[in-house]
Structures are given as structure tokens and as C-alpha cells.
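Input: a single structure, listed below in C-alpha cells.
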Amino acid sequence: MLMKKLICILSAFFVLVAGCSEKNTVNSATRDIFAMDTYMSLKAYGENAETALSLAQDEIIRLESLLSVTNEKSDVSAINQSNGHTVSVSEDTVKIIEKAIEIGNQTNGALDITIYPVLKEWGFTTGNYSIPSPDVLNQYLKYVDYGQIITNGNSVTVPENFQIDLGALAKGYTSDSVMNILKDNNIDSAVVSLGGNVQTLGKKQDGSLWKVGIINPFSPDTSMGVIEVSDKAVITSGNYERYFIGDDGNRYCHIIDSSDGYPADNGLVSVTIIGESGLICDALSTALFVYGKENAVKYWQEYNNFDMILVSDDMTITITEGIEKTFQNMSEMQTKVIRCK
Ligand code: ADP
Ligand code: MG
């Protein structure tokens, strides 16, 4: 599974790199890192590229140590072992939790970072996959309700037996942070891929837009299309990313619908969000995947401050009007464009 994931990520990045053959006139630097349980590639152009990427790498490691659900010393573990007591955590952790609550509220709880007790029962944290019984799911769903998280300054309180997991937002927050570090170090052209979640700074060296490959969820080692962006994050959640096939022959993916505790199966097989903030794009990619196609379209029409590519299980692609000219569909699937009312 890990190998397959690596191939997917590399193929996404390959499209990205293949589309940006620069003339090599300016200093550039690259980094390949394994962190947050995924492969990451960073590329920056400019005088300070090497230093900037070293600082970016340090930042990734710092955030991983705060946000990891498996690291005993992380902020997330402090919350998960708090037994209902208030704990003090970093500003980064609070910012992510508060954004998760906000987007949970906007999506009727489709994004619910307290899903962790249920996620564990499916074995997504250990790789020992199994289909929990309805009784077990109901037992653990009692501890799922992001609305009961309380934040106050740097303090966080969750009820006893509640556990959080920031996996749905952590990489997006991290790519925002990396972009800020690169900007502070006078880099104005860069692209990072954190496990296939891409974020871009400025434009390519030749002044053209970055090309980001979008994985075909029905054939994850191929691209279904390419989107051209600058200064944007392009973040995808899909049912092909981490899943297992149950004894019943069905596919169970790692994004859980907190309304019933089962992997989300609301008509979408992948959701790509394109916008300025990696944190928001990451949160929305997971939230709208759970929320389903109709709700995702309504959400976009209401907020209208991002673009998206939805792939449905009936093999159709829905894109928002803002990317009509910059998304190139290279698949056999039909594209429908939705517009603001
Ligand atoms: P990836 O991490 O593969 O890029 P996502 O950003 O969609 O994909 O995050 C999926 C992760 O989010 C899961 O592995 C799990 O840790 C967490 N998660 C699963 N379901 C939910 C949910 N309904 N709300 C919030 N987090 C979730
Ligand atoms: Mg996400």
C-alpha cells in the first residue's frame, strides 16, 4: 500500500515537474523528506533557496512533533490523554483546532476532528484493518462530537474519552507555514508537494503558471487532468489514498462519516480544492468529501471563495467556473461546470 502511495505521489509530482522545465538561470534547491507519514518534495528558486528549504524542513519536523497523533509527546497526544482536563498547547495546534471547528460548523459536522476513536476501530491508525460491528461503532460514536471541544487562548479541553486527530488539516497548515518561511527568505517562486497536496508560490521561472497533475481516482497511477495555478494550494482527498478491501469485497477508505461511523460514501470519489490557504483547502477537501456532491456544490455557491474539482462515483467531473480555463481534462470523463447563482 505504501509503495502504491509513493507511486501515486511521485506520478502527481512528475506531471508537476515535467510541466516546469526551467532554464536553470537562477539558483534553485530541492528537498525530499519523509514526514507526517508521507513523502514530501520541496523546490524553491532564488539566492536563498538552500537556506530557505533548510528552514522549511525544520518547520515541517517541528509541526510534525506537535501534530502527530502517534507521537506520545505531541500536543495532540496531550489532548488525547487529558482525561477531561484542560491542557495547554501551542498556538499552531489551537489555530488548527479552531479552523476545524469553524469548518465543522459550516458543514453540519462533516469535518469532525473527534472521529479518532472510530477511526482506530477500523484499523486505519495501525494497518490492522477490520470492519467494526454496529455495536462497537455506536459505542465509540458517543465520543465523537467536535462541538464539545473548548478552546481558550492556548488551552484546550475535550470531554473524557474524547480523542482528536488533525490528519485532515495538518498538511495544509504545514504547507501554509512553509510558504511563509519561503517568503520571509525572499523566495518568490516555489512548489511543494506534501504527499500529493501541492502548494505553489509565485510563478515558474519562465513566468508561466505551475501545472499540477490531478490523480485519476479510478486509476490512481495516472492523471485525469492538469490545473494551472500561481500562489495557490491544490489539495485532494480521495477514496483511493488509504483504504482496505473488506471480507465482503467492499472498499473502505480512511475518511469517516461521523453521522454513522462508516467510511464516507456520499457519491464522491475525490475532491480537489484550489485556494489561497492550504489549511482551508485541506479542511474543505476532507469535509466536502464527507458532505457529498450536492452539499459540496451548495457550500461552494454559498461561500464562493475557492475552486474545486469533484469526481463522482458515476465517473463524471464537476468543476467550478473559476477554473474553467485553467483545468485541462485529459480523461474520458465528462466535465460539467457549475456557476454561481
Ligand atoms: P490525506 O491525509 O490522505 O491527504 P485528508 O486530508 O482527507 O487526506 O485527511 C484524511 C484524514 O483525516 C484521515 O486519515 C483521518 O486522520 C482524518 N479524518 C477522517 N475522517 C475525518 C472526518 N470526518 N473529519 C475530520 N478528520 C477526519
Ligand atoms: Mg484534508
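The values are calculated or read from the model by the stated rules, or taken from the named source; none is laboratory data. Note that the structure is predicted; figures quoted are calculated from it, not measured. Backbone-built Cβ (ideal geometry, glycine too); neighbour counts: all protein chains shown. Keep in mind that these areas ignore ligands, DNA and RNA; they rest on the heavy atoms of the full protein, side chains included. Shrake-Rupley method; radii C 1.70, N 1.55, O 1.52, S 1.80 Å.
None of Thr174, Thr125 is in contact with a Ser or Thr (Cβ under 8 Å, 6 or more places away or on another chain) and at negative phi except Thr125. Summed over segment 104-115, residues that are assigned to a helix (DSSP H, G or I) and open to solvent by 20 Å² or more (accessible area, probe 1.4 Å) total 2.
The residue of segment 72-89 that is surrounded by the most Cβ atoms within 10 Å (Cβ to Cβ), among those that are in contact (Cβ under 8 Å) with a residue 12 or more places away in the chain and of a type in the set (A, V, I, L, M, F, W, C), is Val76. Checking each residue in segment 254-268 for being within 13 Å of ligand 1 (Cβ to nearest atom) and either among the aliphatic types (A, V, I, L, M) or touching a helix residue (DSSP H, G or I) at 6+ places or on another chain (Cβ under 9 Å) (or both) picks out His254, Ile255, Ile256, Asp257, Ser258, Ser259, Asp260, Gly261, Tyr262, Ala264, Asn266, Leu268. Only residues that are small (Gly, Ala, Ser), more than 10 Å from ligand 2 (Cβ to nearest atom) and more than 22 Å from Trp210 (Cα to Cα) were counted across segment 274-303, and they come to 2. Kindly establish whether Ser259 is open to solvent by 40 Å² or more (accessible area, probe 1.4 Å) and either in a loop (DSSP other than H, G, I, E, B) or of a type in the set (Val, Ile, Thr) (or both). When the stated conditions are applied, Ser259 passes them.
Within the option set Lys99, Lys95, being surrounded by fewer than 19 Cβ atoms within 10 Å (Cβ to Cβ) and either within 22 Å of the chain's Cα centre (by Cα) or modelled with pLDDT of 95 or more (or both) holds for one residue only, Lys95.
Is there a residue being within 16 Å of ligand 2 (Cβ to nearest atom), of a type in the set (A, V, I, L, M, F, W, C) and at pLDDT 95 or above anywhere in segment 239-255?
Filtering segment 239-255 down to residues within 16 Å of ligand 2 (Cβ to nearest atom) leaves 239-243, 253-255.
Restricting the remaining residues to those that are of a type in the set (A, V, I, L, M, F, W, C) gives 253, 255.
Narrowing the set further to residues that are at pLDDT 95 or above leaves 255.
Among the residues of segment 239-255, at least one is within 16 Å of ligand 2 (Cβ to nearest atom), of a type in the set (A, V, I, L, M, F, W, C) and at pLDDT 95 or above, which makes the answer yes.
What number of residues within segment 50-71 are closer than 14 Å to Met179 by Cβ and open to solvent by less than 50 Å² (accessible area, probe 1.4 Å)? Counting residues in segment 50-71 that are closer than 14 Å to Met179 by Cβ and open to solvent by less than 50 Å² (accessible area, probe 1.4 Å) gives 6. Of Val337, Val311, Val290, Val271, all but one fail to be among the aliphatic types (A, V, I, L, M), touching a helix residue (DSSP H, G or I) at 6+ places or on another chain (Cβ under 9 Å) and open to solvent by less than 20 Å² (accessible area, probe 1.4 Å); the exception is Val271.
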